[in-house]
Amino acid sequence: MDTPMHYLRILAALFAVATPAFAQRNATAPDKIRLPDGFKIELLYSVPRDEQGSWVAMCRDDKNRFIVSDQYGGLYRFPVPGPGKPLNPETIEPITYAADAPAKKRGKKQAAVIPKKTKPINSTLPQIGHAQGLCYAFGSLYVVVNSRSSATGSGVFRLLDTNGDDHFDKVVTIKKLEATGGEHGPHAILPSPDGKHLYVVMGNQTQLPADYSHSRPPELWAEDQLLPSLQHFMKGVVAPRGHIAQIDPEGKTWEIIATGFRNQYDAACNREGELFTYDADMEWDLNTPWYRPTRVNHVIAGADYGWRTGSGKFPAHCSDTFGAVVDIGPGSPTGVSFGYGAKFPANYQNALFACDWSYGKLYAVHLKAKGSTYSGRFEEFASAQPLPLTDILINPEDGAMYFTVGGRRVQSGLYRVTYTGKESTAPVPAQRAVEGKELRLRRHALESHLQKDAARAAGKELDHIWRSLGSPDRGIRHAARAALEKQPVENWKERLKPEKNPVIAGAALIALARADGEKSSSSVIDKAIGFDYGNLKDRQQRLDLLRALTLALTRGGMPAQQPRTRLITWLDAIYPAQTPEENRDLSSITAFLEAPSTVRKTMALLRNATGQEEQIAYAINLRFLKDGWTPALRKQYFQWFIRAGSYQGGARFRNYLDDIKKDAAASIPETQKTPALTRIINTVPKDNAPQFTGKPRGFVKMWTMTDLAGLLGAGLEGGRDYKNGRKMFGAGACFVCHRFNNEGGAVGPDLTSVAGRFTPHDLLESIVDPGREISDQYGASIFKLKDGSSLVGRIMNLKENSYWINTDMMTPSTISKVDVKLIESIEPSPVSMMPPGLLATMKQDDILDLLAYLLASGNPEDALFSN
């Protein structure tokens, strides 16, 4: 079998002898794009890159014309092509404007919309361009510019036609924004459901404006790291950054709705008026414990979604953040839109469509009310290699979907999708969903306390907030905690002392630590350790207590000797706990406190953990400890780095491991640096297959379905060892590619909800014979080169005329860069990127335990706790 290194040698030779050739001049052909049955796609226009750039944003004006933006250039306007017709290039008009030009002086030299191939004569006026957000609303065009090098700089601008001649003649600066450059700055702008405001979407390289008018999230943001985080991108940047703001049409107000995003590009509102966005992952962090896949977020008022630079991201279980509606996987989120107004079958009319730029996927996300918020499932609606989607909209005039591809100067295009199948496309009634309505209204009532000039809660209102902290609904609990944090601490702090409900107390302790940690940390600690941790059967209650302790320590600092000793004694009785999430928190807290038993207990967890993410979490928390080591334990710790040298992850995975090892080596007292230990520390890891267990596992058998199918009935009925099942998930290298219960890789399907999608037989078959049925979403492509050679993999990134192809899903950082001029064709691969033989080191009972763990109803970690 050809290796990735072999491919790289081939490519190096190709680049060395390549002669000038034509670049790709047309966007991906429609017949190469996969769609559900009954749908038709048209390529309306391949954008001439040298003249009109690469389109990244799109909107529709009040005359049913589209306005688009080149990422590094100007704006263009054109009428929507008729049915079955391509876009006529002669109808495309570059948009410019003559600033404040009086109507009576207007002439050809100051034309605001310039005919094609005509240069603006009034070239001294600054022109709007480099836009990543467009919205036609309130009789004007709103433009969000993301570029420090543009004439205007980054910010939100409004183009007006003051004399009614259909030409923009005035620009109003709504807000200048400080963005550090790159593609994580200000992005989309869209109307709010009340018809009176707009939402502005900004990535994490955008600073909050110094003059923002109000913040619905309590202004208590902090990094909240007990130990220094590892950082390789945006070093030193602190919260808050990525956020969504609400503004009025004139830009007199700038109200922060939610923060803690990484790089959400767009947002959309459903019929209930609820806001959703599609946030980005950090692909460099793949297969680390802090990696978060791209995900759809329900944007609720007052929330912090937990992005922090490097390893400091808040885990999804933290109650002072808000989780995802659904995790998608690796990718580069761009445009989103609900299907309202599309002449599509009903389920697609109600879907949230989400664009992924790097993997060339358009997802249809099907949302379902879940209490006061939502859950979701997604399907791949459209895909191709390449298909760098940038923006999407539904045109209510013709009921069609339109999307653009482009960005980073790659070949751009405009497509139209229509439905020609047999299902009904009758409009779904535009009525608000009844399911979850009462709970949403209760959440909204609590969120009203977050608004500007909201009166202080007292009496029954404060009682209601307090009681709502104990709601079984996460959205209501979140709103109640945020509302409580907006109240003066002295008005509610004393309520904690007699509180016996662990749900209410956990939420209130988190609020107190955040709002008054410097003064009240001892009160938080005393109350938290007053609970009988072992008798709290609900995992979230236990995690909330640990989160409250973490916040009390990050905000209040190291306790005095006596309370520190008391806290260590309480922690020593509960550590280790039952679940990995708890143990990660406990290892961090005990390491911060320098508890005497931390090294011994955490090293035992490190030895027994079979997933690399869990192992890394323990290793990172041990790195600064100087005391508690025996020579044997320290030897085992640094031998782990040798084994971890074969683990795989994103582009900065090795750097993170090196950072942990460097900190750990620097923490060794000089008197304990023996020659034998130094040799282990300096050992260079071999490039072997990953070994996730402390002892190598021997070969058992190359299992087939014939061997195993007869065991699936009675073999899965009760009594299975879920702990061993989780161990096998690591031993079989499943964690490398698959996410399960918020840990693991993300280049393969997320298996958390596999019980609702697969029978035991189907699940086992997909493991034993991964090539039997290959999902389009995770399938590979064959890139045939003009010299007769080929590459097999998936496009993970693009730039101008270069495709970045991952050739081995087990090693996400294995990338081959290929010039598109060297590619003869791109075809689907019939071979799965998932290797066979992953069960070969397992016995029958191990395999059955693995299946039982994956198929456990409810939360698999709760199954562990009850096992």
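Using only the alpha-carbon atoms, what does the stretch 344-425 span along each of its principal axes? Please give whole angstrom values in decreasing order.
On the principal axes, the stretch 344-425 reaches 43, 28, 20 Å in Cα extent.
What percent of all Cα-Cα pairs in the stretch 407-502 falls in each 10 Å bin, counting up from 0?
Distribution as computed: 12, 31, 17, 12, 16, 10, 2 percent.
Starting from a Cα-only point model with no solvent, please compute log10 I(q)/I(0) by Debye for the stretch 446-603 at q = 0.11, 0.17, 0.20 1/Å.
-0.44, -0.96, -1.25
Principal axis extents for the stretch 395-438, Cα atoms only, whole Å, descending order, please.
47, 31, 18
Hey, if we sort LYS727, LYS821, LYS537 by accessible area with the 1.4 Å probe, largest down, what's the order?
Details: LYS727 85, LYS821 50, LYS537 135 Å².
Largest accessible area first, the residues go LYS537, LYS727, LYS821.
Over all Cα pairs of the stretch 174-213, how is the pair count split among 5 Å bins, expressed in % and running from 0 up to the last occupied bin?
Using 5 Å bins, I get a P(r) of 6, 22, 26, 23, 16, 6, 2 for the stretch 174-213.
Give, rounded to the nearest 20 debye, the magnitude of the charge dipole that the chain has about its Cα centre when Lys and Arg contribute +1 at Cβ and Asp and Glu contribute -1 at Cβ. Mind showing how you got there, number by number?
Working: 104 positive and 94 negative charges, 252 e Å.
Result for the chain is approximately 1220 debye, rounded to the nearest 20.
Report the local net charge at ASP526: Lys and Arg +1, Asp and Glu -1, summed over other residues whose C-beta lies under 11 Å from its C-beta. Write out the running numbers ahead of the final one.
Values: positive: LYS497, LYS527, ARG566; negative: none.
Summing Lys/Arg as +1 and Asp/Glu as -1 gives +3.
Quick one, which of [x] 157, 68, 56; [y] 84, 74, 57; [z] 104, 80, 57 is the actual Cα extents along the principal axes in Å calculated for this model?
Computed from the coordinates, Cα extents along the principal axes in Å corresponds to [y].
With all distinct Cα pairs included, what does the Kirkwood hydrodynamic radius of the stretch 135-185 come out to in Å, to one decimal, could you say?
Evaluated on the stretch 135-185, it is 11.7 Å.
Taking the dipole about the Cα centre of the chain, with the C-beta of Lys and Arg at +1 and of Asp and Glu at -1, give me whichever of PHE39, LEU712, TRP629 is farthest to the positive side.
In the chain, that residue is TRP629.
Enter the angle in degrees (range 0 to 90, nearest 10) between the Cα long axis of helix 561-574 and the first principal axis of the Cα atoms of the chain, meaning the one along which they spread out most.
So the helix axis and the longest Cα principal axis differ by about 90 degrees.
What are the ³J(HN,Hα) couplings of the stretch 254-264, residue after residue, when phi is run through the Karplus curve with 6.51, -1.76, 1.60 and θ = phi - 60°? Round to Hz, x for glycine and proline.
9, 9, 6, 8, 7, 9, x, 8, 8, 8, 6
When only C-alpha pairs under 8 Å and at least 6 residues apart count, what is the relative contact order of the chain, in percent? Mind dumping the intermediate values first?
Details: 1852 pairs, mean separation 88.2, N = 867.
Across the chain, relative contact order equals 10 percent.
Please report, in whole Å, how far the alpha carbons of the stretch 267-343 spread along each principal axis, starting with the longest.
Reported extents, whole Å, longest axis first: 43, 26, 16.
May I ask for the Kirkwood hydrodynamic radius of the stretch 417-456, worked out over all distinct Cα pairs and given in angstroms to one decimal? Mind dumping the intermediate values first?
Values: mean 1/r = 0.0711 Å⁻¹.
Over the stretch 417-456, the inverse of the mean reciprocal pair distance is 14.1 Å.
Given Cα pairs under 8 Å that are at least 6 residues apart, what percent is the relative contact order of the stretch 178-335?
Details: 374 pairs, mean separation 35.0, N = 158.
Once divided by the residue count of the stretch 178-335, the mean separation gives 22 percent.
Give the angle, between 0 and 90 degrees and rounded to the nearest 10, that separates the Cα long axis of helix 844-854 from the longest principal axis of the Cα atoms of the chain.
Computed tilt is about 50 degrees.
Above 16 Å lies some portion of the pair distances; for the stretch 505-575, what is it as a whole percent of all C-alpha pairs? Please report the intermediate quantities before stating the final value.
Working: 1008 of 2485 pairs.
Percentage above 16 Å: 41.
What net charge do the residues around TYR305 carry, taking every other residue with its C-beta under 12 Å from that of TYR305, with Lys and Arg at +1 and Asp and Glu at -1?
Working: positive: ARG241, ARG262, ARG292, ARG295, ARG308, LYS313; negative: ASP279, ASP304, ASP320.
Surrounding charge for TYR305 is +3.
Could you list the square roots of 5 times each eigenvalue of the Cα gyration tensor of the stretch 297-382, that is, the equivalent ellipsoid semi-axes, sorted largest first and rounded to whole Å?
25, 17, 10
So if I restrict to the alpha-carbon atoms in the stretch 139-292, what is the Rg, and what is Dmax, the biggest pairwise distance, in Å?
Rg then Dmax for the stretch 139-292, in Å: 16.9, 61.
Would you please state the base-10 log of I(q)/I(0) at q = 0.17, 0.27, 0.28 1/Å for the stretch 184-240, with intensities from the Debye formula using one equal scatterer on every alpha carbon?
-0.78, -1.28, -1.30
Before anything else, pin down the relative contact order of the stretch 171-241: Cα pairs under 8 Å, at least 6 apart, normalised by residue count, whole percent. Don't skip to the answer; put the middle values down first.
Details: 67 pairs, mean separation 19.6, N = 71.
Across the stretch 171-241, relative contact order equals 28 percent.
What does the charge dipole of the stretch 162-271 about its Cα centre add up to, to the nearest 20 debye, if the Cβ of each Lys and Arg holds +1 and the Cβ of each Asp and Glu holds -1? All intermediate terms of the calculation are to be shown ahead of the outcome.
Details: 10 positive and 14 negative charges, 52 e Å.
Charge dipole, the stretch 162-271, about its Cα centre: 260 debye, nearest 20.
For n ≥ 4 DSSP H runs only, could you compute -39500 (n - 2.57) per run for the chain, divide by its residues and tell me the 222 nm figure to the nearest 500? Show your work: numbers first, answer last.
Details: 21 runs with 229 residues, N = 867.
It comes out at -8000 deg cm²/dmol, rounded to the nearest 500.
What is the pair-distance distribution P(r) of the stretch 526-610, computed from all Cα-Cα distances in 10 Å bins starting at 0, with each bin given as a whole percent?
16, 55, 27, 2
Quick one: Karplus J couplings for the stretch 138-150, per residue in order, coefficients 6.51, -1.76, 1.60, θ = phi - 60°, nearest Hz, x for Gly and Pro?
With coefficients 6.51, -1.76 and 1.60, one gets 6, x, 8, 10, 8, 10, 9, 9, 10, 5, 7, 8, 6 Hz.
Filter LYS786/LYS817; LYS196/LYS252; LYS196/LYS368 down to the pairs with a C-alpha to C-alpha distance above 22 Å, please.
Details: LYS786/LYS817 15 Å; LYS196/LYS252 13 Å; LYS196/LYS368 27 Å.
Where the Cα-Cα span goes over 22 Å, the pairs concerned are LYS196/LYS368.
Nearest 10 degrees, 0 to 90: what angle lies between the long axis of helix 4-17 and the longest principal axis of the chain (Cα atoms)?
30
Would you work out which of ALA151, ALA454, SER311 lies farthest towards the positive end of the dipole of the chain, given +1 charges on the beta-carbon of Lys and Arg and -1 on that of Asp and Glu, about the Cα centre?
Farthest towards the positive pole: ALA151.
Working with all protein chains in place, sort LYS486, LYS686, LYS452 by solvent-accessible area computed with a 1.4 Å probe, largest first. Intermediate values should be presented prior to the final figure.
Details: LYS486 60, LYS686 150, LYS452 110 Å².
Output order, biggest surface exposure first: LYS686, LYS452, LYS486.
Using the heavy atoms of the protein chains alone and a 1.4 angstrom probe, what is the accessible area of the chain per residue in square angstrom? Working shown, then result.
Working: 35200 Å² over 867 residues.
Result: 41 Å² per residue.
Which of ALA351, THR373, TYR363 sits farthest toward the positive end of the charge dipole of the stretch 345-432, with +1 on the Cβ of Lys and Arg and -1 on the Cβ of Asp and Glu?
THR373
Net charge near LEU43, counting Lys/Arg +1 and Asp/Glu -1 over other residues with Cβ under 14 Å of its Cβ? Intermediate results must be reported in sequence, preceding the final value.
Numbers: positive: ARG25, LYS32, LYS40, LYS85, ARG416; negative: ASP31, GLU42.
Overall, the nearby charge balance is +3.
The values are calculated or read from the model by the stated rules, or taken from the named source; none is laboratory data. In this text the structure is predicted, and so the values were computed from the model without any measurement. Note that we place each Cβ from the backbone using ideal geometry, even for glycine, and neighbour counts take in every protein chain shown. For the accessible areas, the whole protein counts, side chains as well, though only heavy atoms, and no ligand, DNA or RNA atoms are used. Shrake-Rupley method; radii C 1.70, N 1.55, O 1.52, S 1.80 Å.
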